[in-house]
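Novice: One structure, pasted below without further comment.
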Amino acid sequence: MRKPAFLVFDGIDGSGKSWASRETKNLLMHDFGLKENEILLTAEPTKGQFGQKARQILQSQTDPSSNAEELLNLYLSDRKEHLEKEILPALKQGKVVICDRYKYSTIVYQSVQGLPIQHLIDLHSGMNVPDLALFFDLDENIAMYRINNSASRKGTEKFEKNEFLKKARESFLLLETLLPQENIKIIDASLPKNKVLEQIKKLLNKNDKIVMVG
Ligand code: TYD
């Protein structure tokens, strides 16, 4: 029997985590023998009312430091709803959940916006801790290059600026130290795609919740 597992992929914009979360779903099906209906691939901000409102702000505002409190409240409400309506029911059904962005994004982005980091950590104290959180680490200049050259993106959003992403990258790396009890692993997202997937595969192989047991 396999136990349910909660996996989070996080990192700065342009780090490739959304691509990697889709590829990981394929990997779990082809290499780990999971069926499609045993996996929930999901993302934050969600398409719910709070997530949609956050996205509107991201697309209409250009100053990365504005609307910090408002965005914090939207992301938190979105996350609570997401956990209650999608993530927890899926885990209860024994699924593997892959979540593209989670509390780490709030702790990082809203602290870079100017809110106190410890307060942001404390706000998440009652929420589920992932079994494994992968942080896609990449130089902010390469991330911006990827964003500006991506055919699927229409323009840049509020936080997609070199200076902001540089601070966000530093903050993601700091979180590994600030949350020592959590299972956080850093992925070198500057490598070619096949090398990125190799790193993920190795980590999944080490996770006894993913590998079939018993
Ligand atoms: P992103 O993953 O870029 O969504 P998409 O690729 O669909 O546009 O997320 C949108 C932005 O929201 C991104 O710049 C990070 C930011 N964000 C926060 O600031 N705090 C949060 O809690 C979350 C979930 C995202």
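Novice: Among the listed pairs LYS85/LYS195; LYS80/LYS201; LYS47/LYS92, which have their C-alpha atoms separated by more than 32 angstrom in this model?
Specialist: LYS85/LYS195
Novice: If exposed trypsin sites (Lys or Arg not before Pro) are those in a DSSP loop with at most 12 other Cβ within 10 Å, what is the longest stretch of the chain that has none?
Specialist: Value returned for the longest uninterrupted segment is 48-153.
Novice: Then there's this: For the chain, which whole-number percentage of the solvent-accessible area (1.4 Å probe, protein heavy atoms only) is attributable to carbon and sulfur atoms?
Specialist: 51 percent
Novice: Show which lysines lie in cross-link reach of LYS202 when reach means a straight Cα distance below 23 angstrom and same-chain residues fewer than eight apart are skipped.
Specialist: LYS3, LYS17, LYS25, LYS35, LYS95, LYS185, LYS193
Novice: Can you show me the helix-derived [θ] at 222 nm for the chain, built from DSSP H runs with n ≥ 4 at -39,500 (n - 2.57) apiece and divided by the number of residues, rounded to the nearest 500.
Specialist: -13500 deg cm²/dmol
Novice: What is the set of long-range amide H partners of LEU41 at a cut-off below 5 Å, with H atoms built 1.01 Å from backbone N?
Specialist: Those lying under 5 Å, H to H, from LEU41 are ILE98.
Novice: Okay, next question. Cα centroid distance between the range 101-158 and the range 1-49, in Å?
Specialist: A separation of 16 Å, based on Cα centres.
Novice: Another one. Let me check against my output: what whole-number percent is the relative contact order of the chain, with C-alpha pairs under 8 Å and at least 6 apart?
Specialist: Value for the chain: 35 percent.
Novice: With axes computed from alpha carbons, what is the tilt in degrees of helix 17-30 against the longest principal axis of the chain, rounded to the nearest 10 within 0 to 90?
Specialist: Computed tilt is about 10 degrees.
Novice: Quick one: accessible area per residue over the chain, 1.4 Å probe, rounded to a whole number of Å²?
Specialist: Details: 10670 Å² over 214 residues.
Accessible surface, normalised per residue, equals 50 Å².
Novice: Run down the aspartates and glutamates and flag those whose C-alpha is under 15 Å from the C-alpha of LYS154, throwing out any fewer than 8 positions away in its chain.
Specialist: ASP13
The values are calculated or read from the model by the stated rules, or taken from the named source; none is laboratory data. Here the structure is a predicted model, which is why all the values come from computation and not from measurement. Because the Cβ atoms are built from the backbone with ideal geometry, glycine has one as well, and the counts that use them run over all protein chains shown. For accessibility, only protein heavy atoms count, side chains too; no ligands or nucleic acids. Shrake-Rupley method; radii C 1.70, N 1.55, O 1.52, S 1.80 Å.
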